[in-house]
Amino acid sequence: MKNLKNSWNRLIKSLQKNLKRVKEEHLIREYIKNNILFLTFVITCVINSTMLRFFCINSTENYLAIAPILADLSIVTIVGGLGYLLKPKNRFGYYLGFSIFFSAICLINSIYYTYYTSFASVSMLSLTQYVGDVGDAVVEQVINFKDFLYILGPVILVLVNTRLKKKNYYKKVEIKSDRKKRTIKTVAVGAVIAIIFILTLTPTDMSRLVKQWNREYIVMKYGIYIYQANDVVASIQPKINSLFGYDQAKKLFKDYFKDKEEHQDNKYTNIFEGKNVIVIHGESLQTNLMSLSFNGEEVTPNLNKLAEEGMFFSNFYSPVSVGTSSDAELMFNTSLLPTKSGTAFVSYSDRTYNATPKLLGEKGYYTFSMHGNNADFWNRRNMHKSLGYDRFYSKTDYNVTEENTVGLGINDYAFFDQSVDKLKKIAKKHDKWYGMMMMLSNHTPFSEVDKYGDFPVDIKETVTNEDGTTEEVTYPYMEGTKLGNYFKSAHYADGAIGELIERLDEEGLLENTIVVIYGDHDARLPRADYNRLYNYDKETDSILDKDDPNYKEYDSYQYELGRKVPLIIWSKDMKGTDLNKEYTNVMSMYDVEPTLGNMLGYSNEYALGHDIFDIKDQNIVVFPNGNWLTNDVYYNSQKEEYLSLTDKPVTEEEIKKNNEYASSLLDVSNDIIIFDLLKKDQTDENKVIEAQEKGA
Ligand code: GP9
Ligand code: MN
């Protein structure tokens, strides 16, 4: 203890001494005088990047953020510090080069942001062909006065250099220069700033950097320079991944499809041929919402009604990976599974996909997608083209105001309303159309409760007092919990679905149309909240004790299985027909394309899922982590444990067979995407080889 006190006192004394020295000897002034060029470089680069953030991202969180300034500062200090390795007279060229480079990053991003409301990516360079189409518009509407402010950095550097030269500055500095020492000291300062910056990061910040799709978030946390460097790495990575293992991948692919049973026609084949299709991508809609009510009011009355009147697939799962919404879209449209690393949408948007929009396009359909968010979110701008959509209506196509914004963007009501206006025009121009509308309001964190309208998730009871009078008692129940807020948000989104159907009907757009609704993935809510939902003790306003006879265990398996999402296929005239029922066979998002394809009359010969009506054996849902689910068993591959769902005995053999199937499905899907195995010339080549082998 005493030792510690002594050391502390010594440290304080030495600090005081050094501070005094700095003051007396005017060291700061000296430092500035000897490092003018370096400091000009650092300050202008940091100002440029901060200015860019301030112009682009209008939020208090951004204005107050210190982290990106630290990040930018550490990068430019290290780059600037390395300049000290050069002789003073050569340093100007070095600083000017980097200053132009950094300013160019800011300038390009500034222009890009005005046009696309997102930050630039080098992977977009291959899309410069499209700039020709919009070139004039870019010059007229996109380049602003503020973009030229970034040029001031290099200009100031040139002016400072001219002045220094006049004063014979470089000769004087040359004499004092100890290049190595200065480099080490400056780079060390940069490194310390970098460490301080890293300490501010949360696990979410880190994972978002790895995924690199939420560009605005990354710039807000890491600054523009780290964002851009990371973007280069993220754009190169898929190229590196696809360099090795092509032959093996192709063999696996060939073998897989050689063994695959051929699809047999069934009573659902072509039943919807020629019909128009509206797909509703239901953000975070889980199936469990559909069986819940509060104070007699259903959480999702509209979804429930559609399920009652249509084909309701009640045992349906969306095995998404880190690509969440985008993985759901991928599986739904291509019958492939999420990639093992990165996401197909962000890293492999240039691959060939046998996607529903493309296949229906070949059958004469006009295909489109609609989403009120930024087009670059999940790289949809590129990926929707690869999926074969003729047109992607995104944020800039909608009238988004402060009033109609909820969560990530335009609320589902306004979005659907404006989408129907667009659909009316489309339907006038095209005989057959297929369109997807992606909802947005019901997105985590479900915190804008005030905007969701009145939907109490408490328990209201009328009690009769001893004197015969009655009073209303309220128990808080799910009020104030994240799950409770999710119910409010889902109720709000469900209302929007109801209004959409009504409006489509009014406009006559439901006459020859099928509506397909799916929940894109679960809402990733805490298990503890479910415990409260199922074990609430209103007398004590807490959760029942585990020993209580009424206690219902909601264990990790139930939680996993409870992540199912709805799939509904509905049309105005389906109620009461043969089709109108609940389908309980276990089914996955990647089974939709073959199932829908069978009904609409198109097929993807390289689908990995199955037509649910063509299942002879048991269907199986494979999750990206290797877990799998059949009607009888849920298997957890990490724990190597299973949960039996029926009375049937589970055999070792069954587990082994399904484990092998799961791993080959994940492998072949990953290979198809990474090695672009569906590319025309490659599939033709595959067919020739297959034919030769069959003939032999
Ligand atoms: C964003 C929306 C949400 O446009 O699709 O994506 P998510 O966070 O659910 O993957
Ligand atoms: Mn989503």
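Among the trypsin sites (Lys or Arg not before Pro) within segment 566-643, those in coil by DSSP and having at most 14 neighbouring Cβ atoms inside 10 Å are K575, K581, K616, K639. Each principal axis of the Cα atoms in the chain has its own extent, and those three values, largest first, are 93, 87, 56 angstrom.
Taking max minus min of the alpha-carbon positions on each principal axis, segment 140-284 gives extents of 90, 45, 30 Å, largest first. Spread over its residues, the convex hull of the C-alpha atoms of segment 23-75 is 91 Å³ per residue.
Using C-alpha pairs below 8 Å separated by at least 6 residues, the relative contact order for the chain is 17 percent. Once you reduce segment 230-282 and segment 33-90 to the center of their Cα atoms, the two points are 45 Å from each other.
Put a plus charge on the Cβ of each Lys and Arg, a minus charge on the Cβ of each Asp and Glu, and nothing anywhere else: the dipole of segment 310-457 about its Cα centre is then about 780 debye.
Here the chain has 55 percent of its accessible surface on carbon and sulfur atoms, given a 1.4 Å probe and all protein chains in place. In plain terms, the C-alpha convex hull of segment 443-523 casts an average shadow of 8.4 nm² when viewed from every direction. Can you tell me the orientation of helix 88-116 relative to the chain, as the angle in degrees between its alpha-carbon axis and the longest Cα principal axis, to the nearest 10? Between the helix axis and the principal axis of the chain, the angle is about 30 degrees. Which pairs, out of K239/K656; K146/K221; K429/K572, put more than 25 Å between their alpha-carbon atoms? Beyond 25 Å between Cα atoms: K239/K656. Both radii were evaluated on the Cα set of segment 241-315; the Rg over Rh quotient, with Rh as the Kirkwood radius, amounts to 1.20. Against the chain, whose longest principal axis is taken from its Cα atoms, helix 36-56 shows a tilt of about 30°.
Rolling a 1.4 Å probe over the protein heavy atoms gives segment 595-686 an accessible area of 45 Å² per residue. In a DSSP loop and with at most 14 other Cβ atoms within 10 Å, the GluC sites (Glu not before Pro) in segment 179-263 are E261, E262.
Taking a sphere under 12 Å around the Cβ of S644 and counting the other residues whose Cβ falls inside, with K and R at +1 and D and E at -1, yields a net charge of -3. Toward the positive end of the charge dipole of the chain, with +1 on the Cβ of Lys and Arg and -1 on the Cβ of Asp and Glu, the farthest Cα among L533, W433, T396 is that of T396. Think of segment 493-648 as a dipole: +1 on every Lys or Arg Cβ, -1 on every Asp or Glu Cβ, centred on the Cα centre; then among V565, A496, H610, H610 lies furthest on the positive end. Of K363/K657; K425/K680; K305/K488, which ones are farther than 30 Å apart at the Cα? Over 30 Å Cα-Cα: K363/K657; K425/K680. For the chain, the longest principal axis of the alpha carbon atoms and the long axis of helix 152-166 meet at an angle near 10°.
Contact order for segment 537-641, expressed relative to its length and based on alpha carbon pairs under 8 Å spaced 6+ residues apart, stands at 16 percent. Charge dipole (Cα centre; +1 on Lys/Arg Cβ, -1 on Asp/Glu Cβ; no other charges) of the chain amounts to roughly 7220 debye.
A simple packing score, the average count of other Cβ atoms within 10 Å per residue, orders the peptides 193-200, 223-230 as 223-230, 193-200, with the highest score first.
The values are calculated or read from the model by the stated rules, or taken from the named source; none is laboratory data. Model, not experiment: these values are computed from the prediction. No Cβ is skipped: glycine too gets one built from the backbone with ideal geometry, and neighbour counts run over all protein chains shown. Surface areas here come from the heavy atoms of the whole protein model, side chains and all, with no ligands, DNA or RNA. Shrake-Rupley method; radii C 1.70, N 1.55, O 1.52, S 1.80 Å.
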